[in-house]
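First up is the structure itself, then whatever we jot down about it.
The values are calculated or read from the model by the stated rules, or taken from the named source; none is laboratory data. Small disclaimer: the values here were computed from a predicted structure and weren't measured. Don't worry about glycine lacking a Cβ; one is built from the backbone with ideal geometry, like all the others, and counts go over all protein chains shown.
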Amino acid sequence: MRLSRIRRIMTREEVEGVLLFNPFNIKYLTGNKPTEGLGASVLVLTQDEAPWLIVPQLELELAKSSRIQNIRTYYSNPQSSKDELPKFEDCIREAVESLNLSSQVMGVELDFITARRFEELKHLFPDAGFKDISPMLNELRMVKDEAEIERLMTALKIAECGVRTAIEVIQPGITEIEVVAEVEHTLRKAGATGTGYPTVIASGPNARCPYARASNREIRGSEFVVIAISAIYQEYCSDVARTVITGQPNKSQRQLFECARSSIEVAIEQLTPGINCRDVALSVFGNVEEQGYSEDLFGAMGHSIGLQPREQPIFTFDNDTLIIPGQVFCIETGLHRPKLGGVYLCETVVHQRGDSFTVLNEIPLTTV
């Protein structure tokens, strides 16, 4: 079904074939996610012929579990004397020529491949044309089926187990990295196979960056601590963010937190069929601005979620992409004020196919 969908989009975009290097796009279409380096594998797809999957020799057995029958391998160590396997570029040339794409327009992911890779492709196929098909891959992955939504919901439940552990162990004197150790132990026991991004426990001045790596800093009393967790379950990610404070918040801290919390709730209340990403971003910003914290706002105000914890579309003021049924997305607000600290909150929402919107989180946006 997914191959049929991408082929329909290829027809619309007038490309005869595609070369996909992004491992998440390869996973989405084949069922197998390459593991050896970003861009070390490629899926070659046409309108009519059986696709080719090219992977490093060490990943051959993993690739056999995919939905692709035509698999080629190469030896990825250039210092090796193993001459029986071709080079990566030779495999790509063989696939493209066998599929009669050498002089056709091919789609490539310009938001993923390096400039060097693009120049190599143009050198390998001087008679071919190239078109950026990154937007169409984003479009393809944006709508989730029921199985994907179930996996996303499970990933979220696992992440919230980690959030609960963090809330239990955060106290003055413990270090950020010690909290992370407890959280990730919980995630693994709950069924996570990994994390979509490094677990964030960011206290005090570190809370200004919502994706700061945990440090050996000791958490102190009466300061904000940001908790951001992305658990992976059957390749699908969650993205959960909560903020707690060690001790009783003062008036300024409470106001900053309340602004972030209410901004997300205002945006959720305004979700209706036909709303777009810009509308959500403006809802968040409007509430932040009304309460006088617009200069303290950082980052985007939402994003889609799936095989990666942060996927297109991103909710910004200039993005009029419609939020459509089957989309799972996060609405988020990050505020940071010097000497006061940072607050980062995120809620996950699914646009149901009956035109309703459902918040999936169980842990509330609790007032500090």
**Complete:** Only unsatisfied item for residue 190, checking (1) out of contact with any His (no Cβ under 8 Å at 6 or more places or on another chain); (2) hydrophobic (A, V, I, L, M, F, W, C); (3) within 24 Å of residue 300 (Cβ to Cβ), is (3)
**Request:** For residue 117, state whether it is in contact with a helix residue (DSSP H, G or I) (Cβ under 6 Å, 6 or more places away or on another chain) and assigned by TED's automatic domain parsing to the domain that holds residue 7.
**Result:** no
**Prompt:** Filtering the range 345-356 down to residues that are surrounded by fewer than 19 Cβ atoms within 10 Å (Cβ to Cβ) and not charged (D, E, K, R), which residue is nearest to the chain's Cα centre (by Cα)?
**Reply:** 352
**Message:** Tally up the residues in the range 230-260 that are over 23 Å from the mean Cα position of the chain (by Cα) and either outside any strand (DSSP E or B) or basic (Lys, Arg) (or both), please.
**Reply:** 14
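Would you please name the residue that is surrounded by the fewest Cβ atoms within 10 Å (Cβ to Cβ), looking only at residues in the range 278-315 that are among the acidic types (Asp, Glu) and within 20 Å of residue 348 (Cβ to Cβ)?
The selected residue is 279.
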**Breaking point among (1) polar (S, T, N, Q); (2) assigned by TED's automatic domain parsing to the domain that holds residue 319; (3) more than 24 Å from residue 360 (Cα to Cα); (4) touching an Asp or Glu at 6+ places or on another chain (Cβ under 7 Å), for residue 165** = (3)
**Request:** Answer yes if at least one residue in the range 93-115 is surrounded by fewer than 16 Cβ atoms within 10 Å (Cβ to Cβ), modelled with pLDDT of 85 or more and at positive phi, and no otherwise.
**Result:** yes
**Prompt:** Does residue 274 satisfy the condition of being crowded, with 20+ Cβ neighbours inside 10 Å and of a type outside the set (D, E, K, R)?
**Reply:** no
**Item:** residue 220 being assigned by TED's automatic domain parsing to the domain that holds residue 173, part of a strand (DSSP E or B) and modelled with pLDDT of 95 or more
**Value:** no
**Fill in**
Condition set assigned to a strand (DSSP E or B) and in contact (Cβ under 8 Å) with a residue 24 or more places away in the chain, scope the range 43-55, selection nearest to the chain's Cα centre (by Cα): answer is 43
**Asked** How many of the residues in the range 150-186 are crowded, with 19+ Cβ neighbours inside 10 Å, assigned to a helix (DSSP H, G or I) and among the β-branched types (Val, Ile, Thr)?
**Response** 7
**Request:** Would you mind telling me which numbered condition in (1) touching a residue at least 60 places away in the same chain (Cβ under 8 Å); (2) of a type outside the set (Gly, Ala, Ser); (3) assigned by TED's automatic domain parsing to the domain that holds residue 50; (4) within 23 Å of residue 7 (Cβ to Cβ) residue 110 fails?
**Result:** (1)
**Filter pass, residue 45 being touching a Pro at 6+ places or on another chain (Cβ under 9 Å) and modelled with pLDDT of 95 or more** = yes
**Asked** Which condition number in (1) surrounded by 18 or more Cβ atoms within 10 Å (Cβ to Cβ); (2) under 16 Å from the mean Cα position of the chain (by Cα) is the one that residue 214 fails?
**Response** (2)
**Considering residues of the range 118-147 that are outside any helix (DSSP H, G or I) and of a type in the set (Asp, Glu) only, the residue nearest to the chain's Cα centre (by Cα)** = 145
**Prompt:** Hey, residue 59 hits all of (1) assigned to a loop (DSSP other than H, G, I, E, B); (2) crowded, with 18+ Cβ neighbours inside 10 Å; (3) of a type in the set (D, E, K, R) but one; which does it fall short on?
**Reply:** (1)
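Could you list, in sequence order, all residues of the range 316-344 that are within 30 Å of residue 251 (Cβ to Cβ) and surrounded by 20 or more Cβ atoms within 10 Å (Cβ to Cβ)?
Scanning the range 316-344 gives 330, 331, 332, 333, 334, 335, 336, 341, 342, 343, 344.
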**Message:** Name the single residue that is farthest from residue 27 (Cα to Cα) among those in the range 237-256 being crowded, with 22+ Cβ neighbours inside 10 Å and in contact with a Ser or Thr (Cβ under 8 Å, 6 or more places away or on another chain).
**Reply:** 242
**Message:** Conditions first: (1) touching a residue at least 40 places away in the same chain (Cβ under 8 Å); (2) out of contact with any Pro (no Cβ under 9 Å at 6 or more places or on another chain); (3) crowded, with 19+ Cβ neighbours inside 10 Å. Residue 142 passes all but one, so which condition is the exception?
**Reply:** (2)
